[in-house]
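Participant: One structure is given below, represented as C-alpha cells, and several questions about it will come after.
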Amino acid sequence: MKITDGIYYVGVNDHKVDLFEGQYPVPNGMAYNSYVIMDEKIAVMDTVDAHFGGEWLKNLDGVLNGKAPDYLIVHHMEPDHSANIAEFAARYPNAVIAATAKAFTMMNQFFGTDYADRRIVAEEGSTLSLGKHTLTFVTAPMVHWPEVMVSYESTEKVLFSADAFGKFGALDAKEDWTDEARRYYFGIVGKYGAQAQALLKKAAGLDIAVCCPLHGPILTENLGFYLNLYDTWSSYKAESDGVFIAYASIYGHTGAAAEALAEKLRAKGETVMICDLARTDLSKAVENAFRYGKLVLASVTYNADIFPFMRHLIGALTERGYQNRKIGLIENGSWAPMAAKVMRGMFEKSKNITFTETTVTVKSALNKESEAQLDALAAELIG
Ligand code: FEO
C-alpha cells in the first residue's frame, strides 16, 4: 500500500489476538504498522509482533523488489513492534539500525546484542538523509516506554508517531476512531499525560500532513481533530459533558440505586453513561471515567471494604493520574456501610478531585430516605 510518493505500508492485521498487551480485549483485532521509505537509501520503520514475522517480511519483499534496506528505524522496543529486529538484522547484514541509546540497551536485553558495529544512536533533533527524504528524530520518553522516539520526514511532512495516535482494532475493521483510540490511550499511556503533553509541544512545531502511527489507521485529514483530542486527554480535561456512573452490585440493590440516579439525571436533560463493573471490561470503564467530567461510583460494602470490581476501577484510575473531576458516591451496606469512606480514601493522593456534599447511603434496599439522597445528589451533579 502506497502512502505517499516513496512511503509504503508493510504492516499486518492481527485477528487472532484476544488480549492486547495481555489485558485489553480487542474484539476487532489489532494492527501492527510498519513502513518503508524507498529513496536512494531505503529505510524500514519498525517491525511487527512475533506471530507475524513471516507475513511482514513478505510484505517487505513486495515493496523492496529485490533491493536490500539500508536502515531499520526502531521507534519503540515493546515486542509488538520489535519482535522481528533480530531476524531482520540477520536477513539484511548490511542494514544499519537507528534507535535511541535506551532502545539499544533494550535490544541487548531482548536479543543479546546492541548492534554496536552497525548502529546509529539517535539523539534529540538528529537527522538521517535518505536522498529526497530526510528524517529528524524526536525523543518521546514514556509515550509509551522510556526509549521511544518519533521521527519526522520533512519532504513529505510525515510524522512517524510510534504508539501515539494509535488505536485498538485491525485496519480492515470498520469502527469509529475516537472510542477505541480513547480506550487505547487511557489504557496504555494514561498515566503519562505530562510526557504526552511534551510530545504535543514538539509536534506543534512541525508541519504535519500525514501521521503514521504504529497502530490504527494512517491519519491524512483533519489532523487538528486528533491533536486536539490528545491535548484534552493528556491534560486530564473532560472531553464530554455528562456523568459516568459505575456500579458494583451483588443482588441488584446497589445497581438499582445507580439506575435510579441515572433516570433522575436523564429526566433533567443530563447525558449519562452507566455501567455494571462486573459485566464491563475495566478498560471501557476507565475510558469513560476519563471521558466525562463527573463520575459517580456506587459500591456495596464487602469484607469491610468495597466490592473487588470497584477496587479495580479506582486503582486503575488513580494509577493513571485521575484528576480534575467531581465525584459522587453511593454506598450500600446491610449492617455497617463503609464503602463511601473506603472509595473516598482511595482518591486521597489524587489531584483536584472534589466530592459532592451528598453521599447516598443505601441500607440493603432503596427507601424514601435514600431516594431523597439520590434526588439531592442528582441536583448537585446538575448544578
Ligand atoms: Fe504498540 Fe507500546 O507498543
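Any read-out appearing in this document is the output of simple, stated calculations on the displayed coordinates, not a laboratory observation. Bear in mind the structure is a predicted one, so any value in this text is a computation, not a measurement. Cβ atoms come from the backbone with ideal geometry, glycine included; neighbour counts cover every protein chain shown.
Participant: Of all DSSP beta bridges in the stretch 268-366, what percent run antiparallel (nearest 5)? Walk me through the numbers before you get to the answer.
Facilitator: On the way: 3 of 17 bridges.
So the antiparallel bridges amount to about 20 percent of the total.
Participant: Label L206 and A336 with points 7 Å out from Cα along Cα→Cβ: what is the distance between them in nm?
Facilitator: 5.7 nm
Participant: So what J values fall out for the stretch 158-165 if you push phi through Karplus, 6.51 cos²θ - 1.76 cosθ + 1.60 with θ = phi - 60°, rounded to Hz, Gly and Pro as x?
Facilitator: Here the 3J(HN,Hα) series is 10, 9, 8, 9, 6, 6, 4, 6 Hz.
Participant: Oh, and also: Using the Cα centre of the chain as the reference point, and only Cβ charges (+1 on K/R, -1 on D/E), how large is the resulting charge dipole? Debye, rounded to the nearest 20.
Facilitator: On the way: 36 positive and 47 negative charges, 162 e Å.
Taking the Cα centre of the chain as origin, the dipole is about 780 debye.
Participant: On to the next question. Kindly provide the helix-only [θ] at 222 nm of the chain, computed as the sum of -39,500 (n - 2.57) over DSSP H runs of four or more divided by all residues, to the nearest 500 deg cm²/dmol? Numbers along the way, then the final one.
Facilitator: Details: 12 runs with 125 residues, N = 383.
Calculated from helices alone, the mean residue ellipticity at 222 nm is -9500 deg cm²/dmol.
Participant: Please work out how much length the chain gains when fully extended from F110 to E263, using 0.36 nm per residue of separation minus the C-alpha to C-alpha distance, in nm with one decimal. Working shown, then result.
Facilitator: Numbers: separation 153, 0.36 × 153 = 55.08 nm, distance 5.29 nm.
Result for the pair: 49.8 nm of gain on full extension.
Participant: In addition: As an exercise, use a Förster radius of 25 Å and the Cβ-Cβ distance of H15 and K132 to find the FRET efficiency, rounded to the nearest 0.05. Mind dumping the intermediate values first?
Facilitator: Numbers: r = 36 Å, r/R0 = 1.44.
Here the calculated transfer efficiency is 0.10.
Participant: How large is the Kirkwood hydrodynamic radius of the stretch 5-88, counting all unique pairs of alpha carbons, in Å? Walk me through the intermediate numbers first.
Facilitator: On the way: mean 1/r = 0.0757 Å⁻¹.
After inverting the mean inverse Cα-Cα distance, the result is 13.2 Å.
Participant: Could you list the trypsin sites (Lys or Arg not before Pro) in the stretch 16-105 that lie in coil according to DSSP, counting only those with at most 11 other Cβ atoms within 10 Å of their Cβ? It would help to have the intermediate numbers written out before the result.
Facilitator: Working: sites: K16, K41, K58, K67, R91, K102; in loops: K16, K41, K67.
Qualifying residues, ordered by number: K16, K67.
Participant: Could you give me the ³J(HN,Hα) list for the stretch 6-22, computed from phi with Karplus coefficients 6.51, -1.76, 1.60 and θ = phi - 60°, whole Hz, x at Gly and Pro?
Facilitator: x, 10, 10, 9, 10, x, 9, 9, 10, 9, 9, 5, 9, 10, 6, 6, x
Participant: Amide H to amide H, which residues 5 or more places from A162 or on other chains are under 5 Å from it, using H placed in the peptide plane?
Facilitator: Those qualifying (amide H under 5 Å, at least 5 residues apart or on another chain) are S151, L214.
Participant: Compute the longest continuous run of the chain that contains no exposed chymotrypsin sites (Phe, Trp or Tyr not before Pro); treat a site as exposed when its DSSP state is not H, G, I, E or B and it has at most 12 other Cβ atoms within 10 Å. Can you show the working numbers first?
Facilitator: Numbers: sites that count: Y251, W335.
No qualifying site falls inside 1-250, the longest such stretch.
Participant: Just want to confirm a number: the relative contact order over the chain, from Cα pairs under 8 angstrom separated by 6+ residues, in percent.
Facilitator: About 11 percent, as a whole number.
Participant: Here's something else I'd like to know. Return the percentage of antiparallel bridges among DSSP beta bridges fully within the stretch 60-146, rounded to the nearest 5 %.
Facilitator: On the way: 3 of 9 bridges.
Once the DSSP bridges in the stretch 60-146 are tallied, antiparallel ones form about 35 percent.
Participant: Oh, and also: Taking the Cα centre of the chain as the origin and placing charges on Cβ (Lys, Arg +1; Asp, Glu -1), which of P27, G190, N324 is farthest toward the positive end of the dipole?
Facilitator: With unit charges placed on the Cβ atoms, the residue in question is N324.
Participant: How big is the gap, in Å, between the Cα center of the stretch 146-221 and the Cα center of the stretch 265-280?
Facilitator: For the stretch 146-221 versus the stretch 265-280, the Cα centre distance is 30 Å.
Participant: Follow-up. Extension gain I382-D172, at 0.36 nm per residue separation less the Cα-Cα distance, in nm?
Facilitator: Numbers: separation 210, 0.36 × 210 = 75.60 nm, distance 4.10 nm.
Here the answer is 71.5 nm.
Participant: If you don't mind, another one. Amide H to amide H under 5 Å from I3: which residues, 5+ apart in sequence or cross-chain, H placed 1.01 Å off N in plane?
Facilitator: Y8, Y9
Participant: Can you work out the Karplus-derived ³J(HN,Hα) for every residue in the stretch 83-88? Use 6.51 cos²θ - 1.76 cosθ + 1.60 with θ = phi - 60°, whole Hz, and x for glycine or proline.
Facilitator: The phi angles translate into 4, 9, 4, 4, 5, 4 Hz.
Participant: Do any GluC sites (Glu not before Pro) in the stretch 279-355 lie in a loop, going by DSSP, with at most 14 other beta-carbon atoms within 10 Å of their beta carbon, and if so which?
Facilitator: Values: sites: E287, E319, E331, E348; in loops: E319, E348.
Hits after loop and neighbour filter: E319, E348.
Participant: When a footprinting reagent is the concern and you count Cβ atoms within 10 Å, what order do D163, D46 take, fewest first? Each step should come with its number before you reach the end.
Facilitator: Numbers: D163 24, D46 28.
Ranking D163, D46 by Cβ neighbours within 10 Å, fewest first, gives D163, D46.
Participant: Now a separate question. Assign unit charges at the C-beta atoms only (+1 for Lys and Arg, -1 for Asp and Glu), then state the dipole size of the stretch 19-72 relative to its Cα centre in Debye, rounded to the nearest 20. Each step should come with its number before you reach the end.
Facilitator: Working: 3 positive and 8 negative charges, 21 e Å.
Taking the Cα centre of the stretch 19-72 as origin, the dipole is about 100 debye.
Participant: Between F225 and K157, what's the calculated FRET efficiency when r is the beta-carbon distance and R0 is 22 Å? Round to 0.05.
Facilitator: Efficiency, rounded to the nearest 0.05: 0.80.
Participant: Excluding same-chain residues fewer than 8 positions from K368, which lysines have a Cα within less than 22 Å of its Cα?
Facilitator: Excluding near neighbours in sequence, the set is K264, K268.
Participant: Can you grab the distance from the C-alpha centre of the stretch 26-105 to the C-alpha centre of the stretch 222-257, Å, no decimals?
Facilitator: 36 Å
Participant: Once you have a ≥ b ≥ c as the square roots of the Cα gyration tensor eigenvalues for the stretch 71-146, tell me rounded if a/c is under 1.5, and otherwise prolate or oblate according to whether a/b is larger than b/c. Display every interim value, and only then the final one.
Facilitator: Values: a/c = 1.74, a/b = 1.11, b/c = 1.57.
Since a/c reaches 1.5 but b/c is at least a/b, the shape of the stretch 71-146 is classed as oblate.
Participant: Let me spell out the model: positive unit charges on the Cβ of Lys and Arg, negative unit charges on the Cβ of Asp and Glu, origin at the Cα centre of the stretch 210-290. What dipole size does that give, in debye rounded to 20?
Facilitator: Numbers: 6 positive and 10 negative charges, 37 e Å.
Dipole magnitude for the stretch 210-290 comes out near 180 debye.
Participant: Right, something else. Considering only DSSP states other than H, G, I, E and B, which GluC sites (Glu not before Pro) in the stretch 154-209 qualify as loop sites with at most 14 other Cβ atoms within 10 Å? Show your work: numbers first, answer last.
Facilitator: Values: sites: E156, E175, E180; in loops: E156, E175.
Hits after loop and neighbour filter: E175.
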